[in-house]
1. Of the residues that make up region 22-33, is at least one at pLDDT below 90, in a strand (DSSP E or B) and basic (Lys, Arg)?
2. Kindly indicate whether any position in region 60-83 is at pLDDT below 75 and surrounded by fewer than 10 Cβ atoms within 10 Å (Cβ to Cβ).
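The values are calculated or read from the model by the stated rules, or taken from the named source; none is laboratory data. What you see is a predicted model; the values in this text were computed from it and never measured. Positions of Cβ are backbone-derived with ideal geometry, glycine not excepted, and every protein chain shown enters the neighbour counts.
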Amino acid sequence: MLDSSLIFGVAIFSLLFALSALYLQPIIKKLSQRTSGWLPIRVTARVRLNRSSELFIVEVDGCRILIGCGAGEVNKLMILPGSGTGTDHQIAREAG
């Protein structure tokens with residue numbers, strides 16, 4: 001038969017393990033989100049210039065960038081002022 005102290009030790013170890021897993025879960029989740037290496041990228045406007053060329057306004061980590069794509073190339077044309085206040089479609093129309 002099993003010794004009562006061994007059963008008590010296993011029970012205490014299991015309890016400590018469960019509590020530490022519950023305590024560390026939010027910390028591990030926060031660290032994994034922070035170190036994922038991915039920045040939030042959003043395409044806020046798009047204008048097709050012709051069959052193979054387009055302009056995009058892309059927001060990366062709060063910075064808006066005008067990007068031109070065409071003929072197998074992608075070029076950063078300019079960094080736009082402001083913080084995406086809803087004028088992206090107007091800027092894209094004026095650029096096109």
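1. No, because not a single residue in region 22-33 is at pLDDT below 90, in a strand (DSSP E or B) and basic (Lys, Arg).
2. Yes: one or more hits.
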